[in-house]
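What follows is a short report on a single structure.
The values are calculated or read from the model by the stated rules, or taken from the named source; none is laboratory data. Note that the structure is a prediction, hence the values are computed from the model and not measured. Cβ placement follows ideal geometry from the backbone for every residue including glycine, while neighbour counts extend to all protein chains displayed. We work out accessible area using only protein heavy atoms, side chains counted, and drop any ligands, DNA or RNA first. Shrake-Rupley method; radii C 1.70, N 1.55, O 1.52, S 1.80 Å.
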Amino acid sequence: MFETLINILSALVSNMHYLTAMLLFLIGFHTMLTHSNLIKKIIGMNIMETSVFLFFISIGYVHNASAPILDDRVAAYVNPLPSALILTGIVVAVSLTAFSLAMVVMLYKHYGTICSDQIMRLREEEQ
Amino acid sequence: MTHLPIIVVALYLATAFALPLLGRVKKLHTGYFSLCIATAGLVMSLLTLFYVAREGTFSYFPGDWPPPVGIELSVDWVTVLMHLTINLIGLLVLFYCIEDLSSEVRPGHETWYYTLFFLLMASLNALAMAFDMFTVFVFTEICTLAACALVAIKPKALCVEAAFKYLILSTLGSGMLLLGTSLVYMVTGHLNMGLIGQLLPQAIDLYPLNILIALGLFIIGLGIKSALFPLHTWLPDAHSSAPTPSSALLSGLVVKLFIIVVGRIIFQVFGSELFLMIPIPEVILLFATFGIFAGSLMAIAQTDIKRMLAYSSVAQVCYIYMGMALVSQTGIQGGLLHVFNHAVMKSLLFLAAGAFIYKTGIRKIEDLVGIGYRMPLTMAAFSVGALSMVGIPGFSGFISKLTLAFGALEAESPFFVVVIIISSLLNAVYYLPIVLRGFFGRPATEFQWDKLPLLIIAPVLALAVINIFFGIFPGSLQELARLAAETWLP
């Protein structure tokens, strides 16, 4: 009983990065869906995407290995593919953020608020 | 010849970046230049069709690096069918753009609209043939950004708000897609769909949880993007408030491509055996059945014509999901037929509705009484689309619904035949009154031909002719869809 608990805990600690990534993913997800502040929604979007990046990169991590630069003295390399892919992912995330911030600016100019509930109320009044 | 599919993508991307420069020099010519490029794209996809028909399907490796090192683009029958659909609808919508855009976007923004159009078309063409999970992710994002911008380009706060909602929910979807990809990469070490597919049967014994979660993430993530009920909440706002050509593109093409990606993941990565082992087809069938009814019922309640068409899309997308989740060859064939037929029907309906708005400014369904006396040709084309949606024999919508019904029988679930019949009746409830009122309502004015610019009426009529043609001679299209279904479920 006690031993299984210790086993579970040690498994959790040794897989800290996966756990953290999943927690961040859920935090981002929750922020995006529940907050009415549009800027907070965008922050949530960034947290969620960063958590996926963390997860992807930690897959490629090899313990006691060095950076993937050819060298005769090195036995093992870290998997370089996830890092290369995530570079693309970061670019995509930045452009998404820039685009959504631009839209928030347009909404603020028109409605004078960045709260989605208030925007919805104002929109109904307009109609 | 084998380079043609990727040349289409490269050409569209290059055009997207060249257009703003051209817009600075000769503003008037950007629309006609875009038309030439889109025509070239359609010709190239037709050539690919003939090439594939003669030489068989092939895989294309950019830079001659075969997987696992390089990227794979699969030019199979699904790709051929989708490329034809995308480039045909895209070209016709582009014709419509030239006259209509000046009334929909800020003056001076037309060139930017064409840029976004070509970015969208390039990403759609690439998504249709991408055979690598990360390529799918990248082009999904390009597609999302371009699609959101095509909604937000209209200078109205309503559109920007709809686009923001669309963007936030789409980003959730792409986050899930990337997380699913990383989970699959974790256990198989590959991103190529074919190689993942080979390794999955062994991997599922060792790491069942990873693969199940990945499949769930793929289906929910892409389900949000393709508006699978109940994840469709962004669709009615975005599709109804967008400029008319964008509505036609979004409803006709964008949601379909994500369904194609789901299909590739289900049948070419996971394989039908694995897919049937887990009760996911049943869940999709349940959602699809609810979606077909809910979409139709909500469409009945709408008063705005574009909003009604958008809700109708929710229901029609569910037909395609139903065809795939039946996991019978005829079902998938019906689903793929419906991809093409719905793209034609829905862009026809959106463009015709846009023509009403362009000429008269009427958006309310009840105000469309007697519109058939003022715009007889447009209304006739709208009626073709409406009757096709209901599934009257002689129109292409009937063929795909019939094939779907045969697919349901082949999968030994006759319940879904009943679903298709009842939902056709529901479609009739909201489409036919518009047609009846338009032609038989009290005419407000004397009879007159629709005085519309040629470039607005021509694509509408062309889509109607295509619809009737494939309703009466469905043979070649059905054969194409059957071959495509065979690639997924031999």
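Figures for the structure shown
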item: q = 0.10 Å⁻¹, chain B: log10 I(q)/I(0) [Debye, one scatterer per Cα]; result: -0.70
item: Distance between modelled label sites at residue A:6 and residue B:220, nm, 7 Å Cα→Cβ extension; result: 3.6
item: When each of B:165/B:256; B:165/B:225; A:40/A:109; B:346/B:401; B:154/B:306; B:26/B:346 is checked by Cα-Cα distance, pairs over 22 Å; result: B:26/B:346
item: Exposed-site-free run, longest, chain B (rule: trypsin sites (Lys or Arg not before Pro); DSSP loop; at most 16 other C-beta within 10 Å); result: B:157-362
item: Qualifying chymotrypsin sites (Phe, Trp or Tyr not before Pro) in the stretch B:412-467, DSSP loop, other Cβ atoms within 10 Å at most 15; result: B:447, B:449
item: Rg/Rg_globular for the protein assembly as shown, with Rg_globular taken as 2.2 N^0.38 Å and Rg from C-alpha atoms; result: 0.96
item: Size of the B/A contact, given as accessible area buried on both chains, probe 1.4 Å, in Å²; result: 3000
item: Centre separation in Å (Cα based) which lies between the stretch B:191-236 and the stretch B:86-159; result: 26
item: Pairwise centroid distance, computed over Cα atoms, of the stretch B:431-490 with the stretch B:278-339, Å; result: 20
item: The stretch A:2-126 - charge dipole about Cα centre, Lys and Arg +1 at Cβ, Asp and Glu -1, debye rounded to 20; result: 220
item: Cβ-Cβ FRET estimate between residue B:415 and residue B:364, R0 fixed at 35 Å, reported to 0.05; result: 0.40
item: Of the trypsin sites (Lys or Arg not before Pro) in the stretch A:52-123, those whose Cβ has at most 16 other Cβ within 10 Å and which sit in DSSP loop; result: A:73
item: Length gained when the stretch residue B:458-residue B:300 is fully extended (0.36 nm per residue, less Cα-Cα span); result: 53.9 nm
item: At R0 = 45 Å, FRET efficiency that the Cβ-Cβ distance of residue B:18 and residue A:43 yields, to 0.05; result: 0.80
item: Carbon plus sulfur fraction of accessible area for chain A, probe 1.4 Å, in percent; result: 69
item: Value of D in µm² per second that Stokes-Einstein yields for the stretch B:279-490, Kirkwood Rh from Cα pairs, at 4 °C (1.567 mPa s); result: 74
item: Computed magnitude of the charge dipole of the stretch B:1-146 (debye, nearest 20; Cβ of K, R +1, Cβ of D, E -1); result: 460
item: Label-point separation, residue B:293 to residue B:29 (7 Å along Cα→Cβ), nm; result: 5.8
item: Gaussian network model of chain A, Cα within-10 Å springs - most flexible of A:48, A:106, A:22; result: A:106
item: Estimated 222 nm signal from helices in chain B, with DSSP H stretches of n ≥ 4 weighted -39500 (n - 2.57), rounded to 500; result: -25500 deg cm²/dmol
item: Residue B:402-residue B:198 FRET efficiency (beta carbon distance; Förster radius 45 Å; 0.05 resolution); result: 0.80
item: Volume of the Cα convex hull of chain A, divided per residue and given in Å³; result: 129
item: Rounded to the nearest 20 debye, dipole of the protein assembly as shown from Cβ charges on Lys, Arg, Asp, Glu; result: 1700
item: Rounded, prolate or oblate (a/c below 1.5 giving rounded, otherwise prolate when a/b exceeds b/c) for the stretch B:300-402 by Cα gyration tensor; result: prolate
